[in-house]
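Following: one structure in structure tokens, then a few remarks.
The values are calculated or read from the model by the stated rules, or taken from the named source; none is laboratory data. Here the structure is a predicted model, which means the values were calculated and not measured. Here the Cβ positions follow ideal geometry from the backbone for every residue, glycine too, while neighbour counts run over all protein chains shown.
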Amino acid sequence: MNPIRLGGHAVLLGDTRACHYSYRADNVVLVSREAENPDLRLFQRDDVHRLWVAKVPWTECERVYSVQTFATWRGHLVDILCVSDHGMVEAIYAGASTGWALDNGFVQADKYEYRREVAITELTNVYEEQRDLIFDLWRENRTPAAEAYRRPRIGVYVTIAGQEHRARSIDDSGIVVLTDRRQVAAGECERVVDVVTLASHLELECEVTAINADGSACLRLCGDDRFAETRGFTRTDSGGWTKSADLQSLMHYRERHRPLAGTGRR
């Protein structure tokens with residue numbers, strides 16, 4: 001299982017670092033707990049919090065996102081709140097049967113929230129949802145520089161030596177071919193994930209399959225299609241529902257990262 005990640009992250013020059021970011025702020029604060037300064041050009045010591053910190057403009061970051069990790073425990077969906085040093089996680093029940101949650105040791109923390117500790121080794125189907133924290137600013141400032149970091153991201157991505165790369169393909173033997181045609185064994189990668197980009201449009205969850213230069217987004221409806229036709233979606237020959245919508249109409253823009261079975265460094 002890949003390490004469970006939570007909280008804010010930023011990608012700068014290909015490197016992913018923990019960060020703090022306030023909505024619509026001009027700058028992203030990178031943080032590092034490494035013993036030595038990770039980058040003398042950027043970081044300064046914060047002796048009070050025993051951290052290395054760096055402040056960079058959001059426009060210099062490829063991505064700024066917050067990670068929410070979900071998993072299956074005893075057949076039910078849980079949301080990982082935090083990870084302990086002794087192999088346990090605090091989980092919030094994310095399913096629909098509160099009776100089951102209470103019967104299985106979850107404690108009601110408030111009206112809608114049920115929590116309990118769960119062993120990491122008992123979790124299956126662990127995946128991340130990465131909320132794009134600078135999406136609103138990006139779509140309002142779509143300059144040539146901003147266009148360098150294209151959205152949406154779709155397909156297989158691998159992490160090698162801390163840097164994320166798009167993959168062209170991965171075969172049954174676990175050989176990954178990157179977009180620059182380099183080949184690497186999936187087992188040598190820190191992470192190998194299949195990425196889909198999601199957003200809400202008119203209160204319907206959709207997959208974002210493309211964002212065009214004219215400011216439109218190509219959407220594919222996910223799940224319940226009862227309101228698809230009345231909200232402007234068109235049925236495809238394969239039975240799905242698609243729509244071209246104004247980019248400004250998208251909300252809750254995020255990526256879902258699911259590890260590919262049997263891949264990634266152990």
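Assorted remarks:
- Any hit, region 235-245, residues being at negative phi, free of Cβ contacts under 8 Å to residues at least 12 places away in the same chain and either touching a Phe, Trp or Tyr at 6+ places or on another chain (Cβ under 7 Å) or buried (at least 20 other Cβ atoms within 10 Å of the Cβ) (or both): yes
- Candidate set from region 160-174 (those that are touching a residue at least 60 places away in the same chain (Cβ under 8 Å) and under 17 Å from VAL11 (Cβ atoms)); member that is surrounded by the most Cβ atoms within 10 Å (Cβ to Cβ): GLU164
- Strands (runs of 3 or more DSSP E) enclosed by region 177-238 - at least 1 residues per element that are under 23 Å from the mean Cα position of the chain (by Cα) and among the hydroxyl-bearing types (Ser, Thr, Tyr): 191-201, 204-211, 216-221
- Among the candidates THR159, THR179, THR209, residue that is in contact with an Asp or Glu (Cβ under 9 Å, 6 or more places away or on another chain) and within 26 Å of TYR65 (Cα to Cα): THR159
- Extreme residue, farthest from PRO57 (Cα to Cα), among residues of region 17-32 that are crowded, with 18+ Cβ neighbours inside 10 Å and touching a Gly at 6+ places or on another chain (Cβ under 7 Å): CYS19
- Test: residue in region 165-175 that is at pLDDT below 95 and closer than 24 Å to ARG17 by Cβ: yes
- A count restricted to region 95-125 and to residues that are crowded, with 17+ Cβ neighbours inside 10 Å and either farther than 30 Å from VAL195 by Cα or among the aliphatic types (A, V, I, L, M) (or both) stands at 5.
- Those residues of region 239-250 which are part of a strand (DSSP E or B) and closer than 25 Å to ARG142 by Cα, in sequence order: THR242, LYS243, SER244, ALA245, ASP246, LEU250
- SER244 modelled with pLDDT under 95 and not assigned by TED's automatic domain parsing to the domain that holds ALA71: no
- Counted residues, region 56-94 - those being in the same structural domain as LEU42 (by TED's automatic domain parsing) and not in a strand (DSSP E or B): 5
- Considered as a group, the residues in region 39-57 that are farther than 27 Å from TRP138 by Cβ and among the aliphatic types (A, V, I, L, M) include one that is surrounded by the fewest Cβ atoms within 10 Å (Cβ to Cβ), and that residue is VAL48.
- Residue list for region 32-55, filter: in contact (Cβ under 8 Å) with a residue 12 or more places away in the chain and either in contact with a Pro (Cβ under 8 Å, 6 or more places away or on another chain) or not in a strand (DSSP E or B) (or both): SER32, ARG33, GLU34, ASN37, PRO38, ASP39, LEU42, PHE43, ARG50, TRP52
- Looking only at residues of region 207-222 that are out of contact with any Leu (no Cβ under 8 Å at 6 or more places or on another chain) and not hydrophobic (A, V, I, L, M, F, W, C), we find that the one that is modelled with the highest pLDDT is ARG220.
- You will find that of VAL78, VAL64, the residue that is under 24 Å from GLY105 (Cα atoms), among the β-branched types (Val, Ile, Thr) and touching a Gly at 6+ places or on another chain (Cβ under 9 Å) is VAL78 and no other.
- Candidate set: region 62-80, residues that are within 17 Å of ASP15 (Cβ to Cβ) and in contact with a Phe, Trp or Tyr (Cβ under 8 Å, 6 or more places away or on another chain); chosen: the one surrounded by the most Cβ atoms within 10 Å (Cβ to Cβ): VAL64
- If the condition is being at pLDDT below 95 and part of a loop (DSSP other than H, G, I, E, B), then region 12-22 contributes LEU13, GLY14.
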